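The values are calculated or read from the model by the stated rules, or taken from the named source; none is laboratory data. Keep in mind it's a predicted model, so treat the numbers as computed, not measured. Cβ placement follows ideal geometry from the backbone for every residue including glycine, while neighbour counts extend to all protein chains displayed. Quick note on the areas: whole protein, heavy atoms, side chains included, nothing else; ligands and nucleic acids left out. Shrake-Rupley method; radii C 1.70, N 1.55, O 1.52, S 1.80 Å.
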Amino acid sequence: MSGPVFPRPCRALIFDLDGVLTDTAHLHYRAWKRLADEIGVPFDERVNLRLKGVDRATSLEIILERATRGYGDAEKHALAERKNGYYRDAIAGFGRDDLFPGVPALLHAAREAGLRTALASASRNAPALLQRLGIAGDFDAVADPAKARPKPDPGLFLAAAAALGVAPGDCIGIEDAAAGIHAIKAAGMAAIGIGDPADLAEADAVLPAIGALRLEDFVSKT
Ligand code: BG6
Ligand code: MG
């Protein structure tokens, strides 16, 4: 019989970015919503739940499921670029104040506890956003979404663990998206969800916000 998942021995924390470290999830939504409105395709917060954590091209495919006409590859590429322009405009003024409360303290506590840290974000904008948020130096590794299959595939989390040289079973993944939680579990890691437990049923624990994460509740002393 297995006991409680947490606290557990752990050597590394692997973080998602959008919706976990900073409040960009709704900016992705607003950028997609603007695009969907412009092309007359119905899109709302409910459909958006399926986009969370999902890469740009797949997100567009999900939105276009409700389109009344087909779109060719060149058109799709242009639409995805347009959305990315809206999103980049939205994060242009981001700075350290846009981190969720508690993030700098958590990254500091992880370092103090001797844990390694990595980022596993599907966003091609992640490296630039980390720089703007002033936390690029707090991560030992940043997995490249261009080199891994998109979430819910575990590839990005496995790549992050490999870059750290830590076995997946010794990692805890932290995610706000159902697709990301699935990826973490498929990678053989323990998963902490950030958000609504009803949306993140696969997670081993769910917290309402990253600021509520106390390391000692999740990581046991070895
Ligand atoms: C994820 C977001 O982190 O990154 C998704 O949750 C987004 O909403 C995805 O679509 C890809 O981001 P980008 O910046 O490469 O378009
Ligand atoms: Mg996310």
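Quick rundown of the values:
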read-out: Residue that is nearest to ligand 2 (Cβ to nearest atom), among those in the stretch 109-118 that are open to solvent by less than 70 Å² (accessible area, probe 1.4 Å) and not β-branched (Val, Ile, Thr); value: Ala118
read-out: So Arg30, is it within 16 Å of ligand 2 (Cβ to nearest atom), of a type in the set (Lys, Arg) and assigned to a helix (DSSP H, G or I); value: yes
read-out: Residues of the stretch 1-27 satisfying the condition of being assigned to a helix (DSSP H, G or I) and without any contact (Cβ under 8 Å) to a residue 60 or more places away in the chain; value: His26
read-out: Residue within the stretch 119-139 that is more than 16 Å from ligand 2 (Cβ to nearest atom), in contact (Cβ under 8 Å) with a residue 24 or more places away in the chain and open to solvent by less than 10 Å² (accessible area, probe 1.4 Å) present; value: no
read-out: Test: residue in the stretch 161-184 that is touching a residue at least 40 places away in the same chain (Cβ under 8 Å), more than 16 Å from ligand 2 (Cβ to nearest atom) and under 16 Å from the mean Cα position of the chain (by Cα); value: yes
read-out: Scan of the stretch 68-82 for residues that are more than 11 Å from ligand 1 (Cβ to nearest atom) and touching a helix residue (DSSP H, G or I) at 6+ places or on another chain (Cβ under 9 Å), ordered by number; value: Gly70, Tyr71, Lys76, His77, Leu79, Arg82
read-out: Answer residue from the stretch 20-31, given it is open to solvent by 10 Å² or more (accessible area, probe 1.4 Å) and in contact with a helix residue (DSSP H, G or I) (Cβ under 8 Å, 6 or more places away or on another chain) and is nearest to ligand 1 (Cβ to nearest atom) among those; value: His28
read-out: Residues located in the stretch 33-60, provided they are open to solvent by less than 60 Å² (accessible area, probe 1.4 Å), part of a helix (DSSP H, G or I), touching a helix residue (DSSP H, G or I) at 6+ places or on another chain (Cβ under 6 Å) and within 16 Å of ligand 2 (Cβ to nearest atom); value: Asn48
read-out: Residues of the stretch 61-93 classified as among the basic types (Lys, Arg), in contact with a Leu (Cβ under 9 Å, 6 or more places away or on another chain) and farther than 25 Å from Thr22 by Cβ, total; value: 1
read-out: Hey, Ala148 under 16 Å from the mean Cα position of the chain (by Cα), buried (at least 22 other Cβ atoms within 10 Å of the Cβ) and aliphatic (A, V, I, L, M) or not; value: no
read-out: Filter result (more than 10 Å from ligand 1 (Cβ to nearest atom), over 17 Å from the mean Cα position of the chain (by Cα) and buried (at least 17 other Cβ atoms within 10 Å of the Cβ)) within the stretch 83-108; value: Tyr86, Phe94
